[in-house]
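Let me begin by presenting the structure, written as structure tokens, before commenting on it.
The values are calculated or read from the model by the stated rules, or taken from the named source; none is laboratory data. Every value quoted in this text rests on a predicted model; they were computed, and no experiment measured them. Because the Cβ atoms are built from the backbone with ideal geometry, glycine has one as well, and the counts that use them run over all protein chains shown.
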There are 4 protein chains.
Amino acid sequence: MPVPSRVCLVGAGRAGKVHANSLLNHTPDAKLVGVVDASPEALQDTGDQLSIDARFDTLEAALDDLEFEAVVITTPTFTHKSLAVMAAEAGKHVFLEKPMALTIAECDAIMAAAQRSAVLLQIGFMRRFAPEFVAAFERIQAGEIGRPMIIKSLSHGPGLPPPWALDLKKSNGMLAEVNSHDWDCVRWLMSSDPQRVYAEVANFKGAARGVEAADFYDNALVNIRFENGGLGSISGVCPCDYGYDGRVEIVGERGIMQIGDMQGQSVVVCTDRQQGLVTPIFRTWSERFAWGYIREMGHFIHCIQNDTPPRVGGEDGRWAVAGALAGTRSFFEERPVYVSQILDEGWTPE
Amino acid sequence: MPVPSRVCLVGAGRAGKVHANSLLNHTPDAKLVGVVDASPEALQDTGDQLSIDARFDTLEAALDDLEFEAVVITTPTFTHKSLAVMAAEAGKHVFLEKPMALTIAECDAIMAAAQRSAVLLQIGFMRRFAPEFVAAFERIQAGEIGRPMIIKSLSHGPGLPPPWALDLKKSNGMLAEVNSHDWDCVRWLMSSDPQRVYAEVANFKGAARGVEAADFYDNALVNIRFENGGLGSISGVCPCDYGYDGRVEIVGERGIMQIGDMQGQSVVVCTDRQQGLVTPIFRTWSERFAWGYIREMGHFIHCIQNDTPPRVGGEDGRWAVAGALAGTRSFFEERPVYVSQILDEGWTPE
Amino acid sequence: MPVPSRVCLVGAGRAGKVHANSLLNHTPDAKLVGVVDASPEALQDTGDQLSIDARFDTLEAALDDLEFEAVVITTPTFTHKSLAVMAAEAGKHVFLEKPMALTIAECDAIMAAAQRSAVLLQIGFMRRFAPEFVAAFERIQAGEIGRPMIIKSLSHGPGLPPPWALDLKKSNGMLAEVNSHDWDCVRWLMSSDPQRVYAEVANFKGAARGVEAADFYDNALVNIRFENGGLGSISGVCPCDYGYDGRVEIVGERGIMQIGDMQGQSVVVCTDRQQGLVTPIFRTWSERFAWGYIREMGHFIHCIQNDTPPRVGGEDGRWAVAGALAGTRSFFEERPVYVSQILDEGWTPE
Amino acid sequence: MPVPSRVCLVGAGRAGKVHANSLLNHTPDAKLVGVVDASPEALQDTGDQLSIDARFDTLEAALDDLEFEAVVITTPTFTHKSLAVMAAEAGKHVFLEKPMALTIAECDAIMAAAQRSAVLLQIGFMRRFAPEFVAAFERIQAGEIGRPMIIKSLSHGPGLPPPWALDLKKSNGMLAEVNSHDWDCVRWLMSSDPQRVYAEVANFKGAARGVEAADFYDNALVNIRFENGGLGSISGVCPCDYGYDGRVEIVGERGIMQIGDMQGQSVVVCTDRQQGLVTPIFRTWSERFAWGYIREMGHFIHCIQNDTPPRVGGEDGRWAVAGALAGTRSFFEERPVYVSQILDEGWTPE
């Protein structure tokens, strides 16, 4: 039995609890030893719930007082760069939630720090570890549906993102906070980088929900042309209210593949013939991707213990950031945008 | 273009209207020329709705005053034998709704009359014409799932049968009125006759619906052993309230096949994440088997015009009557019953 | 019983046979009295198959020698304008297959001719008559999913379009020949006109299938902004090889709705545990939209007999042509295109 | 953090490995400390795979040399009574795989030993812990479908049971080895005990698979009448070859509920329009009930640590044994059998 890897959780919110559950209950080779959060309430609530006594209000404090080998960072995106760089420079392996950062420059800084310190960097793209996505990828690679021609990926989430994520100055909006997974998935499953992006957005519910941020949108529809000539579509709806919905459909030269389903638990009920059959829908992302979250954390710990690079690294996170920025620029400028321009020159919504 | 066959509808109730729709709108080689019903209200209502002026309160009257080649009989079961025999003896081809009759003796009388007059006799087992059942039968015959080992067939209907059908003295109850289709389907799809039958029944809703008939049951579960060694199950629930449900599942030596689905119209909706996805269920038998009803009537007319025997004849109707009687006897006597005994000796629930 | 309306079929190809089937077998108030086709082989084949003796190689000839009230035009798109105008000017009601015509000017000419002659004009958008689409439209109108925010519509067809339809000079390509239905459906279901269109296309299979037409594409992905602020997506894949696939998904303010399904006949089979469950897919458009084709023709005849305007007229056909042209212009010019520009100024791919 | 409970695994076969996986990877409060198996090969293979050094060829040896608080027994059924009694008498908590034992007398002996030693006894009915079954039970209890009227439960397994399980003298056959889960589920979900049982069995594949045991059957169909008047059906097919299939369907006074699905992983593919859509089926019971296995073990450990009785105890195991015996007696004697007779008098297939 290997010695469990000691992990410090940075960010005690919802995503933090999901990863803590994976570490505590489903990753025997890991040991969750501390929690960091700037909010005293979140820290106490989560610390108590997890029975973790080592609690800190900053990562610095944890680095000073606690022994650990790795961090799992689940704080707001605008803090990612400084926290990830700090952890890497302190020699800690870094598991970093999506989106990786706000800008290409921040992504570069994180990757450079990890490389300098020779620590591992994994981005929280759990869909790459969801069993049905893994199987789909392998079947595509094996040629089952032929060369992919069109891919469509959607993420519709039930509620509003946190307040800071509504403002395009602080977050890159839904295209980054929610659709990061889609940007990563379409690139991964197509085995090709996005070349050109066109996006349309709409704001249907913002006013009624009290969102005052300029440029807020709750619906996005993106058209993508890939380097290999394939086409892609990403859609985002937040809040969609009806459930958590993440699905992918791919048409290849030889056939079609659908990954994921709206139906959650396999219980079908009919008690009203006018209404019809009712099946549960997935209500939350943590429910929808339960195994993805468990397995991505298992993979991170496995990589630490075996000193192998994670399957999803900084380069992947950087591409997703570039996609979100290209999409944002597209709807700002009402024209298709080349991703290479974003990667080369950077761009931010000012 | 052939001369359309002239058809007289005997029975102006719900089933009669379904067949009239097939004849009027989807069977160009037929001409519906008259309607018979003992009830003046039904006669007027249906006659008006179909724009048929030739209306009669008895089959005798229609035979006297109207020219036609065929009857479609949809009256209550206890009238089948006298009407079918009368029509056959008058030289009319007979389409007869299920169940064929009340007793084996009545079935024999109908078949004998048809044979004497050399008229065609088709029993209204529309499932045999439903496209998915036809395709399933052909695939089983082609050996796709190997030799069938277990077949399960169910018919759950939303409402109470008509009053006369609640009384085992007048109708053989649900096992005949509703499950006739299952008795026919399991025998057809298994390509084997039922040998031994065991039935359990229950009465859950009768009292609340004001049913006072002794021996009334609204739930039935039947176990069947077939001549070829296979096993079968039939279930009936009436009123089930939740919709109209007719499905078959077959396990063969090489695999499994499911025929039919609860989901009706392909419209999936989710507007409440606590409740989930909602799809329409079939609400009525006429909706569920829309194409089956159209095609069985097309087949009947085609047989008349080409003088070929119908695919579903008196022998098939007789076996379904025997099955229902064997099931009824089984729960009366609380023991398995051999169908051969019913066929050879007859039996009625006294 | 009303006197059946006499109909002449113009175009004896696949679509012609589908409509002939509706007229002959499922539309009792219509009488198919003649067939027109320039190809002697098609004329003989289809005439024999339908048992129609009145056969003509031109519409002019039919107009000279045959009495009828209506035409059903299913010829190649580039002939629509002259045939529809000729029929209208001869006082015949016009059922015209999609796409309505090649240009906005042609659409206008057809509509003007119909109006001058006071004849009915219905465009062959059978999805508007498919029961699940009708039910979906009504449920959206009733507010079940709230105001539609995003609509996605796809049409993937198994085979190559006919040769003339591969050339953007003669046909407007797949965006018109195949995706006409999507252009119409998204506008109908959103209850809003498309405002701005961005399209990406790709050519994956053309070379291998011997298509030499410049600008040929077999994959298209279109982004739409609607007048009411909603977003839309249309995808087309031809040949997709895997089946005929036509589905719509709509996210409204209160929920999601999916219309249509890939699964065709409800027969599920598993004979290989490594492979899994297998269900039939729709193989052809005529199979997928069987009821839509029957009901749109019933509607056309009903409108003739009651002198009421068809639910889907020239205006709808014109919008679909404008959408296809806007999409084509978008990928030619690599920019979003306003549909109003197409409607006002016209445009053709030169 | 509580001290993990020390567990010894008795039985190093397939079921043993499944439980070891739950203990090692998903039950942080448990520590798997030893393995027992009479087969040196199985012991070495499983011990190596689990990295467990404490290996024993008998439970006696483990009791002598190892400290632990609980056993997980997964050996053949005919060894259950002696092992479970021995463990209980040694003061160890007992998790015992289904079927509980061969006879009612053996069940009674196990329960008595557990009670005398005041140790916990949990039977391995993992379906009671599968999330969809738990949710279904709660929804039934809440009255969602009204009072259950008919329940159907099936278990079809891909392969032959182990050789000893083919012989009715050593195992009670498929009705016990495979359908134990169904016997338990129908009683649990109906909230009523089975009263009367009628069973038909068939042997389709035995000869071809080299099974020579007298009375071997590979298909069973059971009819049940419950104490509360409800009806039930259990079916078993082993080997069914096509996959692992475990589903339940319940019709209540107010509606229908289906629990479980044949479709496994949510990946739908179509590459052949003649064949259609393909989705994975569950291939094994461990895959089908992955969460059920994890959660039943978590429950066992939780009960140990909190000294609370397991949700599924000896009484439940005993009823399932009684059901299997009643079914066996029914097909031996070709008549319905009352379960009370089995419970009161015992019975074995001699």
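Numbers for the structure displayed
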read-out: The stretch A:57-112: number of residues that are of a type in the set (Gly, Ala, Ser) and buried (at least 21 other Cβ atoms within 10 Å of the Cβ); value: 6
read-out: Criterion: buried (at least 23 other Cβ atoms within 10 Å of the Cβ) and aromatic (Phe, Trp, Tyr) - qualifying residue of B:Trp188, B:Trp183, B:Trp164; value: B:Trp183
read-out: Selection within the stretch C:196-212 - surrounded by fewer than 19 Cβ atoms within 10 Å (Cβ to Cβ) and either touching a Pro at 6+ places or on another chain (Cβ under 8 Å) or in a strand (DSSP E or B) (or both); value: C:Arg209
read-out: Test: residue in the stretch C:5-16 that is within 21 Å of B:His302 (Cα to Cα), out of contact with any helix residue (DSSP H, G or I) (no Cβ under 6 Å at 6 or more places or on another chain), at pLDDT 95 or above and not in a helix (DSSP H, G or I); value: no
read-out: From the options C:Val312, C:Val278, residue that is aliphatic (A, V, I, L, M) and assigned to a loop (DSSP other than H, G, I, E, B); value: C:Val312
read-out: Enumeration of residues in the stretch B:141-161 that are touching a helix residue (DSSP H, G or I) at 6+ places or on another chain (Cβ under 6 Å), outside any loop (DSSP other than H, G, I, E, B) and of a type outside the set (Gly, Ala, Ser); value: B:Pro148, B:Ile151
read-out: Conditions (1) in a strand (DSSP E or B); (2) touching a residue at least 12 places away in the same chain (Cβ under 8 Å); (3) within 30 Å of B:Cys240 (Cα to Cα): number failed by A:Ile224; value: (3)
read-out: Some residue of the stretch D:24-35 being part of a helix (DSSP H, G or I) and in contact with a Phe, Trp or Tyr (Cβ under 8 Å, 6 or more places away or on another chain); value: no
read-out: Residue ranges of strands (runs of 3 or more DSSP E) in the stretch A:229-273 with at least 3 members among the basic types (Lys, Arg) and closer than 16 Å to A:Pro158 by Cα; value: none
read-out: Qualifying residue in the stretch B:216-234 (condition: at positive phi and within 14 Å of chain D (Cβ to nearest Cβ)); value: yes
read-out: In the stretch C:213-234, the residues that are surrounded by fewer than 24 Cβ atoms within 10 Å (Cβ to Cβ) and of a type in the set (Gly, Ala, Ser); value: C:Ala213, C:Ala214, C:Gly229, C:Ser233
read-out: Selected residue (criterion: nearest to the other protein chains (Cβ to nearest Cβ)) from residues of the stretch C:28-43 that are surrounded by fewer than 18 Cβ atoms within 10 Å (Cβ to Cβ) and among the acidic types (Asp, Glu); value: C:Asp29
read-out: Counted residues, the stretch A:250-270 - those being more than 19 Å from D:Phe133 (Cβ to Cβ) and either more than 22 Å from the chain's Cα centre (by Cα) or aromatic (Phe, Trp, Tyr) (or both); value: 7
read-out: Test: residue in the stretch B:48-71 that is of a type in the set (Gly, Ala, Ser), touching a His at 6+ places or on another chain (Cβ under 8 Å) and in contact (Cβ under 8 Å) with a residue 24 or more places away in the chain; value: yes
read-out: Considering residues of the stretch B:113-128 that are small (Gly, Ala, Ser) and assigned to a helix (DSSP H, G or I) only, the residue surrounded by the fewest Cβ atoms within 10 Å (Cβ to Cβ); value: B:Ser117
read-out: Flag if C:Glu287 is in a helix (DSSP H, G or I), surrounded by fewer than 21 Cβ atoms within 10 Å (Cβ to Cβ) and at pLDDT below 95; value: yes
read-out: Any chance D:Ser266 is in contact with a strand residue (DSSP E or B) (Cβ under 6 Å, 6 or more places away or on another chain) and surrounded by fewer than 24 Cβ atoms within 10 Å (Cβ to Cβ); value: no
read-out: Extreme residue, farthest from B:Asp29 (Cα to Cα), among residues of the stretch B:272-301 that are of a type in the set (S, T, N, Q) and in contact (Cβ under 8 Å) with a residue 24 or more places away in the chain; value: B:Thr284
read-out: Residue within the stretch B:193-211 that is more than 14 Å from every other protein chain (Cβ to nearest Cβ), farther than 19 Å from B:Phe332 by Cβ and within 19 Å of the chain's Cα centre (by Cα) present; value: yes
read-out: The stretch A:134-156, residues that are surrounded by fewer than 24 Cβ atoms within 10 Å (Cβ to Cβ), small (Gly, Ala, Ser) and out of contact with any Gly (no Cβ under 7 Å at 6 or more places or on another chain); value: A:Ala135, A:Ala142, A:Gly143
read-out: Residues located in the stretch B:333-350, provided they are in contact (Cβ under 8 Å) with a residue 24 or more places away in the chain, in a helix (DSSP H, G or I) and under 20 Å from D:Asn223 (Cβ atoms); value: B:Val339, B:Ile342
read-out: Candidates C:Ala105, C:Ala135, filtered to the one that is out of contact with any Lys or Arg (no Cβ under 7 Å at 6 or more places or on another chain), within 14 Å of another protein chain (Cβ to nearest Cβ) and at pLDDT 95 or above; value: C:Ala135
read-out: The stretch A:100-112: number of residues that are out of contact with any His (no Cβ under 8 Å at 6 or more places or on another chain) and either part of a helix (DSSP H, G or I) or within 23 Å of A:Ser286 (Cβ to Cβ) (or both); value: 7
read-out: Only listed residue being closer than 30 Å to B:Phe137 by Cα and more than 7 Å from every other protein chain (Cβ to nearest Cβ), chosen from C:Gly323, C:Gly246; value: C:Gly246
read-out: Single residue of B:Leu96, B:Leu168, B:Leu160 found to be at pLDDT below 95 and over 26 Å from A:Thr271 (Cβ atoms); value: B:Leu168
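The rows are residues; the columns are (1) under 30 Å from B:Ser22 (Cα atoms); (2) within 9 Å of chain C (Cβ to nearest Cβ); (3) among the acidic types (Asp, Glu).
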residue: B:Asp261; (1), (2), (3): yes, yes, yes
residue: B:Gln265; (1), (2), (3): yes, yes, no
residue: B:Cys303; (1), (2), (3): yes, no, no
residue: B:Arg329; (1), (2), (3): no, no, no
residue: B:Pro349; (1), (2), (3): no, no, no
